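Asks: Here it is: the structure, laid out below.
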Amino acid sequence: MKDGKSWFGLGCVYLKQFFGLTFDPKDLHKSLVAYNNAANDPNMQNDADLFGNRASVHQYTEYYQLALLDFDKCAKLDPLQSGVDSWPKMDHLKGLLGAVARFVRMCQKEVDSVNSGNKVTGGGKLKYAFPILFKKYAAMKDGVSGAEIEETIGFVKRDDVHKGKFLKVEIVKCLGDGLPRTFVAKDVKGVCMGVSVFNVTIPIQVGDELLVASPCVFRVKVDFEECKADYVNLRIDRPWMLSVNGKIVGKQSIALTEARFENL
């Protein structure tokens with residue numbers, strides 16, 4: 001295919017297939033590739049639906065800088081129709097990112113007042129985001145076993161995980177029940193981070209202990225208009241790899257995400 005309209009249609013098919021049927025990350029990646037190919041067509045540069053849909057993919061995968069850029073373009077291209085929803089989505093996302101970054105800094109300062117390790121430098125920049133301590137736990141009977149002790153890891157891509165490892169965190173702040181459900185937590189070494197939770201309906205509150213198998217930990221960095229954010233984030237989108245206060249999330253507490261997007 002060479003025309004952008006066909007690529008856009010293919011992207012919609014893959015996106016609908018992901019949210020409506022498979023939840024296979026490969027389908028989500030294929031939708032993004034198709035949307036990117038569509039955006040390379042000069043005739044699609046004024047198609048607000050294309051950029052609105054691509055923004056939704058970026059938001060779900062937590063590439064927030066790209067999501068904000070596409071929401072902004074969609075809103076400006078068609079402010080009276082397709083872009084109507086983009087303005088509030090963009091404002092909500094900016095507010096959420098700012099809140100997470102602010103509370104992560106506050107949490108880190110409180111931890112640092114007790115423990116001099118893992119300090120944060122001025123301006124909210126991360127000085128030491130790692131190591132994050134992993135331990136071997138038996139709480140997740142059906143999860144990953146044999147996790148290494150004192151394992152030091154770095155960031156991974158948002159669709160990658162640290163296989164065979166556990167990450168234990170304590171919830172210190174609840175910031176919203178939207179998509180995703182958003183929290184601030186600290187790990188056993190006092191590293192504070194944002195936590196984004198998808199596909200789980202069970203209550204999660206301050207003081208709860210989360211044990212995540214094969215965790216996905218990455219850095220969120222956004223500089224868009226007045227929104228400035230830079231923090232470590234833990235993504236939880238596979239509830240069957242999670243336990244809360246020692247209890248594994250059951251099938252009855254799994255609710256796969258629904259998404260709204262524009263078709264051809």
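Asks: If the Cβ limit is 8 Å and pairs must be 6+ apart or interchain, which residue in the range 174-187 that is more than 11 Å from L96 (Cα to Cα) and in a strand (DSSP E or B) pairs with which residue that is at pLDDT below 90 and open to solvent by 10 Å² or more (accessible area, probe 1.4 Å)?
Replies: Listed pairs, sorted by first residue: K186/V111; D187/L133; D187/K168.
Asks: Can we say D24 is within 26 Å of C227 (Cα to Cα) and among the acidic types (D, E)?
Replies: no
Asks: If D85 meets every condition in (1) under 23 Å from V195 (Cβ atoms); (2) modelled with pLDDT under 95 apart from one, which number is that one?
Replies: (1)
Asks: Sticking with this one: Give V197, V184, V206 a once-over and let me know the one that is modelled with pLDDT of 90 or more, open to solvent by less than 10 Å² (accessible area, probe 1.4 Å) and within 20 Å of D112 (Cβ to Cβ).
Replies: So the residue among V197, V184, V206 that is modelled with pLDDT of 90 or more, open to solvent by less than 10 Å² (accessible area, probe 1.4 Å) and within 20 Å of D112 (Cβ to Cβ) is V184.
Asks: Next question, about the same structure. Look at A101 and say whether it is in a helix (DSSP H, G or I), surrounded by 14 or more Cβ atoms within 10 Å (Cβ to Cβ) and out of contact with any helix residue (DSSP H, G or I) (no Cβ under 6 Å at 6 or more places or on another chain).
Replies: Against the criterion (in a helix (DSSP H, G or I), surrounded by 14 or more Cβ atoms within 10 Å (Cβ to Cβ) and out of contact with any helix residue (DSSP H, G or I) (no Cβ under 6 Å at 6 or more places or on another chain)), A101 qualifies.
The values are calculated or read from the model by the stated rules, or taken from the named source; none is laboratory data. Everything numeric in this text was worked out from a predicted model, so none of it was measured. Using ideal geometry, Cβ is built from the backbone for each residue, glycine included, and neighbour counts are taken over all protein chains shown. Surface areas here come from the heavy atoms of the whole protein model, side chains and all, with no ligands, DNA or RNA. Shrake-Rupley method; radii C 1.70, N 1.55, O 1.52, S 1.80 Å.
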